[in-house]
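> Please find one structure pasted underneath; my questions will follow.
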Amino acid sequence: MPSPVGHALAGLMVGLAMRPVTLGTLPLGTLGTVRTLGTLACAAVLPDIDFLWGRHNMETHSLGAAAIAGLGVLAWTRGRNPRLALAVTLAWASHVLFDWLGSDDTAPLGVMALWPVSSAFYFADAYVFEAISRRYWLPNFLTHNAWAVAKELLILGPPLLALTAFRSRARRRCRHPGTASRPRA
Ligand SMILES: [Zn+2]
């Protein structure tokens with residue numbers, strides 16, 4: 001299962017794909033964008049908070065929890081920003097997707113993806129991402145985790161850069177609408 005780095009990158013990708021996302025009803029410019037991207041990166045990492053109460057990969061690692069997170073944002077913004085609520089739901093769901101696709105070395109394998117409908121664990125057997133080792137006493141602890149994070153950057157870096165470039169071009173076109181297609185005299 002990916003590291004917090006991989007999950008945060010997924011949250012950023014959701015934010016870039018869904019821009020412009022605004023907080024409240026006002027577009028907050030660059031600050032709003034940074035804040036929103038930070039919020040989505042946190043939402044994508046947050047399911048691993050279940051380490052704190054010893055139910056890792058269970059309820060928080062589900063589409064049900066993703067929906068609850070989105071509803072929480074909808075309530076927090078008093079219904080004024082359904083777009084941000086959807087973005088948070090998707091960022092949270094990206095964590096479920098990535099953990100499902102990743103390697104796992106602790107039984108039961110996978111995530112409780114369909115909670116509260118089902119408490120079954122789902123595991124894709126795809127091994128796209130490496131499992132992050134928490135066995136700090138093993139000699140390969142650092143090298144293995146460094147490789148795991150590097151692999152995440154190799155997989156997620158190119159689409160993230162492509163999205164960033166695409167969004168920058170779209171923003172430039174919005175600022176200078178006349179330059180794209182000028183009517184002929
Ligand atoms: Zn997780």
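> Among the residues of the range 35-52, write down those that are over 14 Å from Ala8 (Cα atoms) and modelled with pLDDT under 95.
If the condition is that a residue be over 14 Å from Ala8 (Cα atoms) and modelled with pLDDT under 95, then Phe51 is the only one that fits.
> Please indicate, with yes or no, whether at least one residue in the range 98-105 is more than 12 Å from the chain's Cα centre (by Cα), away from the ligand (no atom under 16 Å from the Cβ), modelled with pLDDT of 95 or more and open to solvent by 50 Å² or more (accessible area, probe 1.4 Å).
No - not one qualifying residue is present in the range 98-105.
> In the range 127-142, what residues are exposed (fewer than 11 other Cβ atoms within 10 Å of the Cβ) and either touching a Phe, Trp or Tyr at 6+ places or on another chain (Cβ under 8 Å) or not in a loop (DSSP other than H, G, I, E, B) (or both)?
Arg135, the sole residue that qualifies.
> Here's something else I'd like to know. Could you please find all residues in the range 55-90 being of a type outside the set (Lys, Arg), open to solvent by 30 Å² or more (accessible area, probe 1.4 Å) and within 14 Å of the ligand (Cβ to nearest atom)?
If the condition is that a residue be of a type outside the set (Lys, Arg), open to solvent by 30 Å² or more (accessible area, probe 1.4 Å) and within 14 Å of the ligand (Cβ to nearest atom), then His56, Met58, Glu59, Leu63 are the ones that fit.
> What's the number of the condition Ala113 fails, among (1) buried (at least 22 other Cβ atoms within 10 Å of the Cβ); (2) more than 16 Å from the ligand (Cβ to nearest atom)?
Unmet for Ala113, out of (1) buried (at least 22 other Cβ atoms within 10 Å of the Cβ); (2) more than 16 Å from the ligand (Cβ to nearest atom): (2).
> Here's a follow-up. Inside the range 43-54, can you point out the residues that are more than 16 Å from Ala87 (Cβ to Cβ) and open to solvent by 50 Å² or more (accessible area, probe 1.4 Å)?
Ile49, Phe51, Leu52, Trp53, Gly54
The values are calculated or read from the model by the stated rules, or taken from the named source; none is laboratory data. This one's a predicted model, so the numbers in the text were calculated from it and none came from an experiment. So basically every Cβ, Gly included, is an ideal-geometry build from the backbone, and we count neighbours across all protein chains shown. Just so you know, the surface numbers come from the protein's heavy atoms only, side chains and all, with ligands and any DNA or RNA stripped out. Shrake-Rupley method; radii C 1.70, N 1.55, O 1.52, S 1.80 Å.
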